[in-house]
Amino acid sequence: MGRTKQFNRQAALDNAMQVFWAKGYHATSVQDLVDEMGVNRQSLYDTFGGKHELFEAALDRYRELQSLPIRRALEQEGAVGDVLRGFFQGLIAKLIESGGKGCMMVNSTTELASQDERVFGACSANTRQLEAAFTGLLVRAQQAGEIPADRSPVQLARFLLSTINGLTVTAKATRDPAVLNDVAEVALSALGL
């Protein structure tokens, strides 16, 4: 009887997440996953079910790892314009640091969401969560008189999300922080911040 190979499920999942994030779903082979996760094929299938199930778990893991830092960044005290500037600076630094990988959620949305209901659901849930966080911040800005009362916080939050999604795609084509900072500054200017 063969010996069962032991491995750290969380570490293996984190490694799979990195592969899918860098290469996308379609360009990632099972062999890529086996190599990076440090598991054999049978362990991958026994533990995660298959490539697609592993991808879904990796996407959930990415969302889990990204949501807390985003919420914390948006919950900072101080003027909302300063909070958003800090958020954009952090985002741009991460995008540059990622070496052109962009955002796994945005990548997955463009690659799979139109073809895969489960991926669409995960990406939509992520968008709703971010929209709620930005809306809350913009309501705070209105209450503080930082943005006009006649502007819709929900519409502005959707605008910010579209800007952020655009930034993540732009960062795949350029790693020039000046270009990305220009986009962020125009977005803040459009909000009147």
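Below are the figures for this structure:
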read-out: Hey, R128 closer than 29 Å to H52 by Cβ, in a helix (DSSP H, G or I) and either among the hydroxyl-bearing types (S, T, Y) or touching an Asp or Glu at 6+ places or on another chain (Cβ under 9 Å) (or both) or not; value: no
read-out: Qualifying residue in region 61-72 (condition: at pLDDT 95 or above and not in a helix (DSSP H, G or I)); value: no
read-out: Test: residue in region 57-66 that is out of contact with any Leu (no Cβ under 8 Å at 6 or more places or on another chain) and of a type in the set (S, T, Y); value: yes
read-out: Residue, surrounded by the fewest Cβ atoms within 10 Å (Cβ to Cβ), within region 1-51, restricted to residues that are touching a residue at least 60 places away in the same chain (Cβ under 8 Å) and part of a helix (DSSP H, G or I); value: A22
read-out: Any hit, region 95-108, residues being more than 30 Å from T28 (Cβ to Cβ) and either part of a helix (DSSP H, G or I) or at pLDDT below 95 (or both); value: no
read-out: Some residue of region 153-162 being at pLDDT 95 or above, out of contact with any helix residue (DSSP H, G or I) (no Cβ under 6 Å at 6 or more places or on another chain) and of a type in the set (F, W, Y); value: yes
read-out: Residue match in region 117-129 (condition: surrounded by 14 or more Cβ atoms within 10 Å (Cβ to Cβ), in contact (Cβ under 8 Å) with a residue 24 or more places away in the chain, assigned by TED's automatic domain parsing to the domain that holds A190 and farther than 16 Å from Y62 by Cα); value: no
read-out: Selected residue (criterion: surrounded by the most Cβ atoms within 10 Å (Cβ to Cβ)) from residues of region 164-193 that are of a type in the set (D, E, K, R) and more than 23 Å from I147 (Cα to Cα); value: K172
read-out: Sole residue being in contact (Cβ under 8 Å) with a residue 40 or more places away in the chain and within 19 Å of the chain's Cα centre (by Cα), chosen from A184, A157; value: A184
read-out: Test set (1) out of contact with any Phe, Trp or Tyr (no Cβ under 9 Å at 6 or more places or on another chain); (2) farther than 26 Å from D182 by Cβ; (3) without any contact (Cβ under 8 Å) to a residue 60 or more places away in the chain - T110 fails condition number; value: (2)
read-out: Residue, surrounded by the fewest Cβ atoms within 10 Å (Cβ to Cβ), within region 131-145, restricted to residues that are free of Cβ contacts under 8 Å to residues at least 40 places away in the same chain and either of a type in the set (V, I, T) or assigned to a loop (DSSP other than H, G, I, E, B) (or both); value: G145
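The values are calculated or read from the model by the stated rules, or taken from the named source; none is laboratory data. Note that the structure is predicted; figures quoted are calculated from it, not measured. Positions of Cβ are backbone-derived with ideal geometry, glycine not excepted, and every protein chain shown enters the neighbour counts.
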